[in-house]
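To keep things clear, I will list the structure first and then write my remarks on it.
Read-outs throughout are calculated quantities, based only on the coordinates presented, and are distinct from any laboratory measurement. From a predicted model like this one, the values you see are computed outputs, not experimental measurements. So basically every Cβ, Gly included, is an ideal-geometry build from the backbone, and we count neighbours across all protein chains shown.
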Amino acid sequence: MRELDDALDRLHHDARTADVPLDAVRARVLSAAAASAAPKRKHTARWLAPVAVAAAAALVTGVVTTGGRNEPVATASSDAPPPPSVRLLSAREYLTRAADAVTAVDQPLAPGQYRYIAAHEWNSRGTGTATPVGQPARDHGYTYLVESRTETWIPHDVTQEWLNRRTPLDGVKWLGGTVPQSEAPLGEPDVTATGERRGRCGDFFPDAQPKKVCGDPDDWDNPEFYAQLPRDPQALLQWLRDRTAHRGGGPAVVFHWAVQLLRTGLVPADLRASLYRALALLDGVAVADGAADLDGRAGVAITVEDVHERRELIVDPATGDFIGERTVAGPRPHESYIPPGTVTGHSAITTKVVDRLGQTG
């Protein structure tokens, strides 16, 4: 997409030329991995999670990572019997188990019913000052983590009217800044981040350009987009690499884009299993958190390493459910005032079938 191509230029500090709101810049910069190869989910104000994925994975105590597998560290003393042999599962094994657990098909929609998708989100918001061209890059600004909920109702016939509701919630967390929090006003959310909108085929912003085309096979709001994807894990991984090749096609980019697909809540069960198996084939895939929790739902956080910020896929390996995703600052965060290891965003995704537009349960 054109706006994601523009965002890539903002990755370079020496190209910053003006004062801009951090939430506008960051939303584009951190979505650059999906780039124009990403399927066309047009004109939404949803924050895309950052391109950069995985700093050094925060593995559970007593575990080291070798070749993407976690092995226990031996600590027995010379005068004590060796501990029992216990091997922790690797990211590949967790993903494979999750794929094996996806045995049921999705609950079908009957005519007149709707698929309800809810995202409970915490996203970054703040301001930043750009660095003039030719000067060393430097950070000046601040960042909050703010809570919101995005809900979408999709009809059985996707060409009919959809409903999208975006609600700011009360949660606010200070992440850091170059000024004290007392001098850092939070500000109001963007106008596109609040309110209700309706539109056929999910076209909630009909005046936006380029115009959303109902039935576009490359639109990730369209079920046909998912129907045409390969189910063989090797073929699916190659497809992901091909679609992200102009952004390098590396493991971090592929991982990011796959998480974006899962985050839509529209990936059918058989494709979800194939995506898990495809991600298990990626170099560098690792367990970031063996006991991740989002909205009281426990799972395992899987990631791929990068120095700035890691993207985490949180999955329940016992059921194969996609719970949500999370981003965590790496050893060299995008903003120097954000401490490494800080959670910079997360979202929990739930889906269900309802009988009327606006119904939540």
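Highest first, please rank the peptides 296-306, 173-183 by the mean number of other Cβ atoms sitting within 10 Å of their residues.
296-306, 173-183
Stretched out fully, how many nm does the piece from Trp174 to Leu89 gain, at 0.36 nm a residue minus the Cα gap?
27.1 nm
Just to be sure I understand the model, the point goes 7 Å from the Cα along the line to the Cβ. What's the resulting Ala298 to Arg149 distance in nm?
Roughly 2.5 nm, to one decimal.
Assuming R0 = 25 Å, can you tell me the calculated FRET efficiency for the pair Val343 and Asp106, based on Cβ-Cβ distance, to the nearest 0.05?
So the FRET efficiency works out to roughly 0.25.
To the nearest 0.05, what FRET efficiency results for Val307 and Asp270 with a Förster distance of 45 Å applied to their C-beta separation?
So the FRET efficiency works out to roughly 0.80.
Testing the spin-label approximation: label points 7 Å from Cα along Cα→Cβ at Leu357 and Asp232. State their distance in nm.
4.3
What is region 206-262 by shape, rounded, prolate or oblate, if you read a ≥ b ≥ c off the alpha carbon gyration tensor as root eigenvalues and call it rounded for a/c under 1.5, prolate for a/b larger than b/c, and oblate otherwise?
It is oblate, given that a/c is not under 1.5 and a/b is not larger than b/c.
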